[in-house]
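Participant: Structure incoming, see below.
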Amino acid sequence: MSNLSNTPSVRPLDQPAVSARVLWTAAGVGSLLLLLAYLVAFDQGAVSQGGMYLHELLHDGRHLLGVPCH
Amino acid sequence: MSLRSARTTPSYGSLLLRGLLAGLIAGLLAGVFAYATGESRIDAAIAIEEAAAHAAAPGAADDGHHDEELVSRTGQKGGLFLATALYGVAMGGLLATAYTLLRRRLRTPSDTRAVFGLAAAALVGIVLVPFGKYPANPPAVGDPATINQRTIAWVSIVVIGLVAVWAGVVAARAPRSGAPEWLRAAAALAGFLVVVAIGYVLLPTVDEVPAAFPASLLWTFRLASLGTQVTLWTMLGLAFAALLHRLRRDVPAEAEAVAV
Ligand SMILES: [Zn+2]
């Protein structure tokens, strides 16, 4: 268990710093992934452009994933 | 030291790919759990909802949400797997992204523990904290007129849940080095609870369960929903850690040995 604590003997790994390029890529990819989560949880056709079809198809998943539905 | 720095770090791309795959696996497993435990409850709740709608306005158009039959009930049961799979993929990608950005700050030499720590943080922040304030509701529970307010409040509590976990970590690291473990744990708990308490007090209370709705059905539905999300995050953590382990196996053994 000792390596879970941050005693001086256990230092963070010498991992290279995250480069600016990775940071920007991560920001872009993260936004797309949030958009995907939005599509499942909330979208009512504005993003999917399929009317309410996708919203209704994903209906049970929304309820069981704990998202407010209706 | 030279061995340590020789340890290669996987690229963001390779981590992201594994996160998305782990998310797909976890999402499908969560879908199986949701299908097995939740679908019969949703059916029962919809039956109650439709009975109430017909009793209130016999022959009149229903509230329109479920009765348009844009997608049949069978279609929605299949759509459940699509929903949990897509949601799992999104969460898996976000977990891989968080891992990439935060790995250096997680003070453990073990990649597996780093992944488990992040997945546990997400489970607490995104699932358990929101569940305490706004537990999942089956159809027939909830006033359609308040859906926008409820959605905003739910997103707020998810953000607050993640902030609370972050506050717990910051608090755990606040005592000077050499402080006893129990003190760090107590500080983490205090930091976490303060943020959660503020969120719970400030956000509006929602209680829209109709008086006639069966308590046992509400309870079993909420358990099914909680189980679905716990399945998703535990399986996501396990699957991502396993895929990461396979990726790391190519690293020279002595570099790994120094790190552990
Ligand atoms: Zn619904």
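The values are calculated or read from the model by the stated rules, or taken from the named source; none is laboratory data. What you are looking at is a predicted structure, and each value in this text was computed from that prediction instead of being measured. So basically every Cβ, Gly included, is an ideal-geometry build from the backbone, and we count neighbours across all protein chains shown. Heads up: the accessible areas ignore ligands, DNA and RNA and are worked out on the full protein's heavy atoms, side chains in. Shrake-Rupley method; radii C 1.70, N 1.55, O 1.52, S 1.80 Å.
Participant: Please work out which residue is nearest to A:His63 (Cα to Cα), limiting yourself to the stretch B:122-141 and to residues that are outside any helix (DSSP H, G or I) and open to solvent by 20 Å² or more (accessible area, probe 1.4 Å).
Facilitator: That would be B:Asn137.
Participant: Right, here's the next one. Sort out which residues of the stretch A:44-66 are over 14 Å from B:Leu70 (Cβ atoms) and more than 7 Å from chain B (Cβ to nearest Cβ), and write them in order of number.
Facilitator: A:Ala46, A:Val47, A:Gln49
Participant: Now for a different question. I'd like to verify a number: residues in the stretch B:232-252 that are open to solvent by less than 10 Å² (accessible area, probe 1.4 Å) and either of a type in the set (Val, Ile, Thr) or modelled with pLDDT under 90 (or both), how many?
Facilitator: 0
Participant: Still on this structure, please answer the following. In the stretch A:20-43, how many are over 25 Å from B:Thr37 (Cα atoms), at the interface with another protein chain (Cβ under 9 Å from one of its Cβ atoms) and either within 12 Å of the ligand (Cβ to nearest atom) or in a loop (DSSP other than H, G, I, E, B) (or both)?
Facilitator: Residues flagged as over 25 Å from B:Thr37 (Cα atoms), at the interface with another protein chain (Cβ under 9 Å from one of its Cβ atoms) and either within 12 Å of the ligand (Cβ to nearest atom) or in a loop (DSSP other than H, G, I, E, B) (or both) within the stretch A:20-43 amount to 0.
Participant: Okay, next question. Exactly one condition in (1) open to solvent by 60 Å² or more (accessible area, probe 1.4 Å); (2) assigned by TED's automatic domain parsing to the domain that holds B:Gly27 is not met by B:Tyr200; state its number.
Facilitator: (2)
Participant: Take the residues in the stretch A:9-44 that are under 19 Å from B:Ala90 (Cβ atoms) and at pLDDT below 90, then tell me which one is least open to solvent (accessible area, probe 1.4 Å).
Facilitator: A:Asp43
Participant: Filter the stretch B:163-213 down to the residues that are of a type in the set (S, T, N, Q) and under 22 Å from the mean Cα position of the chain (by Cα) and list them by number.
Facilitator: Matches in the stretch B:163-213: B:Thr205 only.
Participant: Residues to consider are B:Thr146, B:Thr100, B:Thr84; find the one that is over 21 Å from the mean Cα position of the chain (by Cα), among the hydroxyl-bearing types (Ser, Thr, Tyr) and within 11 Å of another protein chain (Cβ to nearest Cβ).
Facilitator: B:Thr146
Participant: To continue, here is another question. What number goes with the only condition from (1) within 16 Å of the ligand (Cβ to nearest atom); (2) surrounded by 13 or more Cβ atoms within 10 Å (Cβ to Cβ); (3) within 12 Å of chain A (Cβ to nearest Cβ); (4) assigned to a helix (DSSP H, G or I) that B:Leu217 does not pass?
Facilitator: Every listed condition holds for B:Leu217 apart from (3).
Participant: Listed residues B:Ala211, B:Ala171; which is of a type outside the set (Ser, Thr, Tyr) and at pLDDT 95 or above?
Facilitator: Going through B:Ala211, B:Ala171 in turn, just one is of a type outside the set (Ser, Thr, Tyr) and at pLDDT 95 or above: B:Ala171.
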